[in-house]
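Just below is one structure, and these are the notes that go with it.
Throughout, read-outs are computed from the coordinates displayed, never taken from laboratory work. All of these numbers come straight from a predicted model, not from anything done at the bench. We place every Cβ from the backbone using ideal geometry, glycine too, and count neighbours over all the protein chains shown.
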Amino acid sequence: MVDISVIIVNFRGWKRLSQCLDSLNVIDDSRFSHEVIVVDNDSADGMIDNFKVQFPKFTFILNDGNFGFANGCNLGAKNSHGSYMLFLNPDTIINAEALFVMLSETRVRSLFSVISCCQIKENGSEERPYGSYLTPFNLTGWLRAINKIFIHHKENPFSQDDNYLYPDWVSGSVIMLSKESYNGLAGWDDDFWMYFEDVDLCYRARLNGGEIVLIKTACVEHNHGGASRINKQVTALTKTCVNISRHIYISKHESGWKSFYMHAFLILDHVLFGLLPAIVGAIFFFISSLNVISLIYIQLLSYYLNVLRSGTWLSKRSLNYIK
């Protein structure tokens, strides 16, 4: 059996994907075996055939549609043969040492543990690929700023030592767990079309007794945002999805007054406090960054109206919406 199944979900991010696959293609390490599975979420541009020729050792799977990151991960996992799975973004550049260190750590950690490592940008600056679970005090950027000033004074409130950081969640850009853990968690939740599926996975892993671990001694290069920032329409869509996924996460993991408050606060923040910036963005539509704000506002209004009609917080893009 293969040690590591590297699973990459792609949607029209071919340039970055090529660099990622190049980094995987040169890895030949006697300490572990690995396979690479690329799931293309129906890019519909014919590029997948070129990549099959360019990287004949890797497995390429064409999804039936763009059903989201979580769905693509699950499709890749279904076709994997490894004892351990590494879910990797296509805009990363990996190395053998990082693979081995994460594999070694995952092997000795308890069942349901989720392992990641440090991430840096191309220019050498550090990413922050981890965070806290959603609470009533960190729902928005300005709430997080207030929370940091008056409640959490530390720059990093998580337990850590020289080698490890133990956050609430780690980014889905680099996540390793055992196949046994993956199966025990029933995989990724494809209610999420984009964003917060990693927070959800880590939350469920912790509920089952697993550890969420970021290894400080291993590092992966990550140059994110390429495919999600192609133009202002795509930028608005992806930023809207961040807000929609917050609601999906809250509806899944919170209840009672806390759930009501968190949903209501986000709606008020988006609809009422977002109105003036949206008007400004509509007036100055020729300034792309401002126009994006208007597009996000319109898409969120459409989403909230659909929530009232359908009775579900799921996005229409979610594979499970029609169910």
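So the values come out like this:
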read-out	value
Using θ = phi - 60° and Karplus 6.51 cos²θ - 1.76 cosθ + 1.60, couplings along the stretch 43-54 (whole Hz; Gly, Pro as x)	4, 6, 10, x, 5, 4, 5, 5, 6, 4, 6, 5
Under 5 Å, built H, 5+ apart or other chain: amide partners of Val39	Ile8, Val9, Asn10, Ile61
Over the stretch 231-310: Rg over Rh, Cα atoms, Kirkwood Rh	1.02
Within the chain, longest stretch free of exposed GluC sites (Glu not before Pro) [DSSP loop, at most 14 other beta carbons within 10 Å]	156-323
Rg over Rh [alpha-carbon atoms, Kirkwood Rh] for the stretch 2-224	0.96
Per-pair calculated FRET efficiency, R0 = 35 Å: Lys15 and Lys57 via Cβ, rounded to 0.05	0.95
Asn123 paired with Ser159, simple spin-label distance in nm, labels 7 Å along Cα-to-beta-carbon	3.6 nm
The stretch 10-105: trypsin sites (Lys or Arg not before Pro) falling in loop per DSSP and having at most 14 other Cβ within 10 Å	Arg31, Lys57
The stretch 254-281 versus the stretch 108-133: alpha-carbon centroid distance in Å	30 Å
In Hz, Karplus ³J(HN,Hα) per residue of the stretch 115-132 (6.51, -1.76, 1.60; θ = phi - 60°; x = Gly, Pro)	10, 9, 8, 5, 10, 10, 7, 4, 7, x, 6, 7, 8, 10, x, 6, x, 9
Cβ-based exposure ranking for Trp142, Trp193, in which fewest neighbours within 10 Å come first	Trp142, Trp193
Cβ-Cβ FRET estimate between Asn183 and Ser302, R0 fixed at 45 Å, reported to 0.05	0.75
28 Å Cα-Cα threshold exceeded, pairs from Lys52/Lys239; Lys179/Lys216; Lys52/Lys232; Lys15/Lys232	Lys52/Lys239; Lys52/Lys232
Under Karplus coefficients 6.51, -1.76 and 1.60, residue-wise ³J(HN,Hα) of the stretch 298-309 in Hz, glycine/proline x	4, 5, 5, 4, 4, 4, 5, 5, 5, 4, 5, 6
For the stretch 1-151, size of Cβ-based charge dipole, Lys and Arg +1, Asp and Glu -1, in debye	480 debye
